[in-house]
Amino acid sequence: MSLSPPPPRVDHELLGRLRADLERSAYTVESVSALLGPLAVRALAREQVLPAQRVTAQAGTPVATLVRLFALGDAVDAEDASSALPTLGLDGATRLGLVRGQGPGVVASCDLRPYGEEGAAWWVASDLSEIATRAPLHEDHVLGIGGASTTLASWTPRPEVDRALDVGTGSGVQALHLGAHAAQVTVTDISGRALAFARFNAALNGCNWDVRQGSMLAPLAGERFQLIVSNPPFVITPRTPEMPLFEYRDGGAAGDAVVADLVRSIGEHLQPGGIAQFLGNWEIVGGADWRERVRGWVAGTGLDAWVVQREVQDPAEYAETWARDGGHHSATTEFATMYAAWLDDFASRGVTAVGFGVITLQRPAAPREPFLDLDEASGPVAAPMGPHILAGLRARTWLAEHSDEDLLGVAWRCADDVTEERHGRPGQEHPAVILLRQGGGLRRAVRLDTAGAALVSVCDGTLPAGVAVDAIAELLETDSDVLRAQLPPMLRGLVADGLLV
Ligand SMILES: C[S@@+](CC[C@H](N)C(=O)[O-])C[C@H]1O[C@@H](n2cnc3c(N)ncnc32)[C@H](O)[C@@H]1O
């Protein structure tokens, strides 16, 4: 039984009027952040609404009314709401399921906010957040735009494709992005409420998605795509009666099985050369290396894999994060019960930590040995990361298809965002450490030895690497065959990460 309000309805005529009002009032990412200002924006990120309530109450503009109503969950005077939605009117907004009367005013039945990046401007409806309702979320809650949503959107490689798929679309955030570079977008979700929001958002933003209801890949039998993305319900959740099972984050399996299954089964839905990208958690058991677990998921799939672990939490940190996420405060009994259930669940499998990261998979375009790159990057990275992921996939593909001899035959060029740092003890003639530092991408810092540094220093795109290696061998009075065997692993690493192009 759903405790949440009914999702909004699709009525194209009313949606046209809503769109006209949102455009006229300039309900955009830019105008909302200009209205709120940095103080209120930062406070909202800490789940504090008061600064935003003060700013919007004082402003009294249509944008301020829309923010109060649809983002902060405040009751608004009927007159103010009418003037913020003059074309749609309160009657139209009620019929769409966006608002309902409350005393002399109106309150929102859902969240509705502008969203976009790099020239794209959309509006996204979802359930009201716990900040707006000031209460824990219902189990059938449909997520708005969260941190994980924007992480995936930022990391997604975006080649022009015919067919793209979003698994577990929720309110359709990833699908909005896919529409910018895919001729056809298919979305799936197990939740009928989520798909109602997705249909509403597709219609509001003039998109046409192929919407399928069902669990994970079940509604897609026999179908293949060039690009698949998923911010799946990856949260590891104890299967105990006291745990609320939030549809938006719990895929219904024990441990990290949802993500493992997705990795193991996605290959049959990828066209040759097709790319899949997911966020995920993985359990680290008994202090083992996380790579062993993820390597096991990928083994035998025939897919290329590039996995970047971004964060590691211990069981207590994980339990605190996700017990809080549903809107439960740490002083409550519910919070303590969930916390204990998480600790017991992890202990039962010997889990000592949980990794979080981005999994990018590719079906090789032609038969060959797949590549596997299990990487760590915990600091800030480029935003968006997608272009770097696409370039990195292409570089890794080239490396998988070419020998060290081929590698040494290329005239590599040091990428424009790369700088060199030399560190040494004061007074020392030669540097003790030579570091290459990448400005963009994963912001790599790579330590080089003397021969490596000498090679990179002549990588200007004119001299084949092998010729440079022979000259360096002569200079260092080393056997050039030894250097030709020694340098390719380093060269491959620099090419894979985009320091050499
Ligand atoms: C973390 S949300 C992601 C929502 C949205 N794609 C985003 O990026 O913000 C996960 C979504 O998966 C859906 N979901 C949960 N269990 C599922 C299952 N077994 N099969 C398909 N979708 C599922 C939820 O309803 C929810 O919409």
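Per the helix-only calculation at 222 nm, which mean residue ellipticity applies to the chain, given -39500 (n - 2.57) for every DSSP H run of n ≥ 4 and division by its residues, nearest 500 deg cm²/dmol? My calculation for the chain gives -11500 deg cm²/dmol from helical runs alone.
Taken one residue at a time, the phi angles of the range 361-372 give Karplus couplings (6.51, -1.76, 1.60, θ = phi - 60°) of 10, 9, 7, x, 5, 9, x, 5, 5, x, 8, 9 Hz. Gly and Pro are set to x. Dipole orientation for the range 12-133: of the candidates G116, G73, A40, A40 has the Cα lying most toward the positive pole (charges on Cβ; Lys, Arg +1; Asp, Glu -1).
Placing R0 at 22 angstrom, the Cβ-Cβ distance between R295 and A254 gives a FRET efficiency of 0.60 after rounding to 0.05.
In the range 1-63, the C-alpha radius of gyration followed by the widest Cα-Cα span (Dmax) gives 15.2, 40 angstrom.
If you bin all the Cα-Cα distances of the chain at 20 Å, starting from zero, the percentages per bin are 21, 48, 26, 5, 0. Our summary of shape: the Cα atoms of the range 188-312 have principal axis extents of 48, 44, 26 Å, ordered from largest down, in whole angstrom.
Derived from the Cα gyration tensor, the three semi-axes of the equivalent ellipsoid of the range 147-400 are 29, 23, 16 Å, largest first. A Cβ-based charge dipole, computed about the Cα centre of the range 147-400 with Lys and Arg at +1 and Asp and Glu at -1, lands at about 740 debye. Note on A336 and E223: with the Förster distance fixed at 45 Å, the Cβ-Cβ geometry gives a FRET efficiency of about 0.50. For the range 147-400, DSSP calls about 45 percent of its internal beta bridges antiparallel. For the range 79-157, the alpha carbon convex hull comes to 136 Å³ per residue, rounded to a whole number. Separation of the range 257-330 and the range 138-196, taken as the distance between their Cα centroids, equals 18 angstrom.
On the principal axes of its alpha carbon atoms, the range 16-117 extends 35, 32, 21 Å, with the longest extent given first.
Dipole of the chain (Lys/Arg Cβ +1, Asp/Glu Cβ -1, origin at the Cα centre): which of Q277, A26, I389 lies farthest to the positive side? My answer, from the dipole projection, is A26.
Here the range 1-90 is treated with +1 on each Lys and Arg Cβ and -1 on each Asp and Glu Cβ, and its dipole about the Cα centre works out to around 260 debye. What the Cα atoms of the range 349-467 give is an Rg and a Dmax of 17.7, 55 Å. Karplus-based coupling profile of the range 459-469, in residue order and whole Hz: 7, 10, x, 10, 10, x, 4, x, 5, 4, 4, with θ = phi - 60° in 6.51 cos²θ - 1.76 cosθ + 1.60 and x standing for Gly or Pro. For the chain, the relative contact order comes to 10 percent (Cα pairs under 8 Å, sequence separation of at least 6). Restricting the trypsin sites (Lys or Arg not before Pro) of the range 267-312 to loop positions (DSSP other than H, G, I, E, B) with no more than 10 neighbouring Cβ atoms within 10 Å leaves nothing. Ordered from longest to shortest, the equivalent ellipsoid semi-axes for the range 404-496 are 21, 18, 11 Å, each the square root of 5 times a Cα gyration tensor eigenvalue. For the range 367-427, the set of trypsin sites (Lys or Arg not before Pro) satisfying both a DSSP loop assignment and a count of at most 13 other C-beta atoms within 10 Å is given as R368. Here each label is just a point 7 Å from Cα along the line to Cβ, and for H329 and S33 those points are 3.0 nm apart.
Of the GluC sites (Glu not before Pro) found in the range 423-492, those that fall in a DSSP loop while having at most 15 other beta-carbon atoms within 10 Å are E429, E477. The translational diffusion coefficient of the range 124-224, from Stokes-Einstein at 20 °C and 1.002 mPa s with a Kirkwood hydrodynamic radius over alpha carbon pairs, comes to 153 µm²/s. Using θ = phi - 60° in the Karplus curve 6.51 cos²θ - 1.76 cosθ + 1.60, the 3J(HN,Hα) couplings for the range 396-409 round to 5, 5, 4, 5, 5, 9, 10, 7, 4, 4, 4, 4, 6, x Hz; x is entered for Gly and Pro. The Rg/Rh ratio of the range 142-183, with Rg taken over Cα atoms and Rh as the Kirkwood radius over Cα pairs, comes to 0.95. The magnitude of the dipole of the chain, with charges of +1 and -1 set on the Cβ of Lys/Arg and Asp/Glu and taken from the Cα centre, is near 980 debye. Axis angle, to the nearest 10 degrees, between helix 192-204 and the longest C-alpha principal axis of the chain: 90 degrees. Distance between the modelled labels on V285 and E474, one decimal in nanometres: 5.7 nm (7 Å Cα→Cβ projection).
FYI, it's all coordinate maths here, none of it is from the lab. If you're wondering where the values come from, they're calculated on a predicted model, not measured in any experiment. Neighbour counts run over all protein chains shown; Cβ positions are idealised from the backbone, glycine included.
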